[in-house]
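This structure is in structure tokens; I'll ask about it shortly.
Where a number appears in this text, it was derived from the coordinates with a stated rule and is not lab data. Here the structure is a predicted model, which means the values were calculated and not measured. Ideal geometry is used to build each Cβ from the backbone, glycine not excepted, and the neighbour counts take in all protein chains shown.
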Amino acid sequence: MQEIINQLTDTIRAAAANKLPLCIRGGGSKDFYGGPLRGAAFTVNAYCGIVDYEPTELVITARAGTPLAEIEAALRGKGQMLAFEPPHFGLLPSRLPSPLSPLPHAREGNVVPASPENSSQSPSPLAPLPRAGEGNVESASPTDRIATLGGCVAAGLSGPRRAYAGAVRDFVLGVRMLDGTGNDLRFGGQVMKNVAGFDVSRLMVGSLGTLGVILEISLKVLPLPAAETTLRFEKTAAEAIALVNEWAGQPLPVSATTWVGGDLSARLSGAAAAVDAAAKKLGGKRIDPEPATRFWHGIREHTDPFFKTGQSLWRMSLKSTTPPINLPGAQLIEWGGALRWLVTDADAQTVRAAAALGGGHATLFRCSNKSPDVFQPLPPALMTIHRNLKRTFDPAGILNPGRMYDWM
């Protein structure tokens, strides 16, 4: 595996010297998320495998290219899970090339693909992108791609359990990474009390590869709940928001809530006695385990009918008590009211103004036409911090340029 790291390092250093942008990606399942893809494809999916897993310590360390499904299977085998319930958005093995070759011959501002006669050698990590400028226009579930652990952390996306168990960054203990100059760096460790210095490990969460190439990640894991049940209630959006916020102030084993199309679904997780007692207290209609599992999987992976539309999909993070958003289009409410999905043709300024009134911000999660205006514009002070971080970790500006902000 050190050979792979050496080759990745050589490629980054050569690219930095020639000011050649690199498009860092693992299985490609999150290509739709963020700004348009730019630069030569730099895949890290060959650097894979579980490095260390100690169930009694509730910690797993794995390489970035490890399929997320492999991580989850290993944890399930020991009765454990990734509590933040990360979405995959792609499940089958990727057809992307393996990153096992130095930087090909380069011309200024360009990358020359490896010649056909060299095809018998190890594939290049700098092959041209399959589709130029994919940006955020990819389908919800590309069947030829597979989610990787590195992509999971770099995207920083959490599923239905996030509001009750924590986000991705809450479970990251340590990372090993290559910065934009090819330095092999380690931050954090494998214990929660490792708090010396700046928490760079969690800084990598959600950075979309703009600060470095993640090599290894150590994560805290949790036991699988002994019992789960899903309840369903007929409620308006306003009634659902009021109810889930009322539940938040009570000692209930709620692990997920979703309102869509006039129905509020609530998942209870924990000890069998606690789940049963809470279900009797809350009432509602109990959903059989199989359709309940399919429902929560559809919410997590965006295969639910709500997400299958050609309109723009906005992800709005708001105060949980914010009333239903008064904008045209369909809405889905998660995380106890704190996450609102909005399918609408309204323009970005209108959507973000509505999010601001709700005490939050809005992200253009998917759209029919690629757009660099994906994330909420930063206030001046925060933009200065972002610029300084980018300059420190990637002085040549070659790592995923424009993936978060066009100026980045």
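What are the radius of gyration and Dmax of segment 226-371, computed over its Cα atoms and given in Å?
Taking only Cα atoms of segment 226-371, I get Rg and Dmax of 15.8, 50 Å.
Still on this structure: Along the Cα→Cβ direction, 7 angstrom out, place labels at MET1 and ASP276. What is the inter-label distance in nm?
4.4
Which ³J(HN,Hα) values in Hz, rounded to whole numbers, follow from the phi angles of segment 206-223 under the Karplus curve 6.51 cos²θ - 1.76 cosθ + 1.60, where θ = phi - 60° and Gly and Pro get x?
Per-residue couplings from phi come out as x, 7, 6, x, 7, 10, x, 9, 5, 9, 9, 9, 10, 10, 7, 10, 10, x Hz.
Next question. Would you mind checking which residues have amide H under 5 Å from ALA256's amide H? H placed 1.01 Å from N; only 5 or more apart, or other chain.
For ALA256, whose amide H was placed from the backbone, the distant partners under 5 Å are ARG267.
Send over the per residue convex hull volume for segment 336-408, Cα only, as a whole number of Å³.
Looking at segment 336-408, the number lands at 122 Å³ per residue.
Suppose every K and R has +1 on its Cβ and every D and E has -1 on its Cβ; what is the size of the dipole of segment 225-350 about the Cα centre, in Debye to the nearest 20?
On the way: 13 positive and 13 negative charges, 41 e Å.
Charge dipole of segment 225-350: 200 debye, to the nearest 20.
Turning to a different aspect of this structure: Can you tell me the order of 356-364, 377-385 when each peptide is scored by its average per-residue count of other Cβ atoms within 10 angstrom, highest first?
356-364, 377-385
Now, a different point. Give, as a single signed number, the net charge of other residues whose beta carbon lies under 14 Å from the beta carbon of ASP10, with Lys and Arg counted +1 and Asp and Glu -1.
-1
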